[in-house]
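> Below you'll find the structure I mean.
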Amino acid sequence: MDENLKKLQNIFRDILDDENLEITESFSQKDCEGWDSVAMVQIILAVESEFGVKFTTSEVANTRSVSDLLKKIS
């Protein structure tokens, strides 16, 4: 597993409170009932902190999958 994907998986596991959660690049909000608007804000803040990036409002609004997050941090 790619290092960035591994870090994202840890973030998702923590925020969605599921230690067994396995994510892939194609993992999206449609795949996870717990990935709601509140979780999205928490995920974005955690990703910004972990990877030293900053999302614009537009980027947040258009983030729907792990792939979208990986594009921003790569």
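> Of the conditions (1) among the small types (Gly, Ala, Ser); (2) out of contact with any Leu (no Cβ under 7 Å at 6 or more places or on another chain); (3) at pLDDT 95 or above, residue 74 clears all except one; give me its number.
(3)
> Related question: On the basis of being outside any helix (DSSP H, G or I) and either modelled with pLDDT under 95 or surrounded by 12 or more Cβ atoms within 10 Å (Cβ to Cβ) (or both), does residue 55 make the cut?
Spelling it out, residue 55 is indeed outside any helix (DSSP H, G or I) and either modelled with pLDDT under 95 or surrounded by 12 or more Cβ atoms within 10 Å (Cβ to Cβ) (or both).
> Can you work out which of the residues in the range 1-52 that are in contact with a Lys or Arg (Cβ under 6 Å, 6 or more places away or on another chain) and part of a loop (DSSP other than H, G, I, E, B) is surrounded by the most Cβ atoms within 10 Å (Cβ to Cβ)?
Ranking the qualifying residues of the range 1-52, first place goes to 21.
> If you don't mind, another one. Output the qualifying pairs, or none if there are none: Cβ atoms under 7 angstrom, residues six or more apart or on different chains, first residue in the range 48-59 and without any contact (Cβ under 8 Å) to a residue 12 or more places away in the chain, second residue outside any helix (DSSP H, G or I) and surrounded by 14 or more Cβ atoms within 10 Å (Cβ to Cβ).
Pairs that qualify, where the first residue is without any contact (Cβ under 8 Å) to a residue 12 or more places away in the chain and the partner is outside any helix (DSSP H, G or I) and surrounded by 14 or more Cβ atoms within 10 Å (Cβ to Cβ), are 48/55.
The values are calculated or read from the model by the stated rules, or taken from the named source; none is laboratory data. Because the structure is a prediction, the values reported are computed rather than measured. Heads up, the Cβs are rebuilt from the backbone with ideal geometry, glycines too, and the neighbour counts pull from every protein chain shown.
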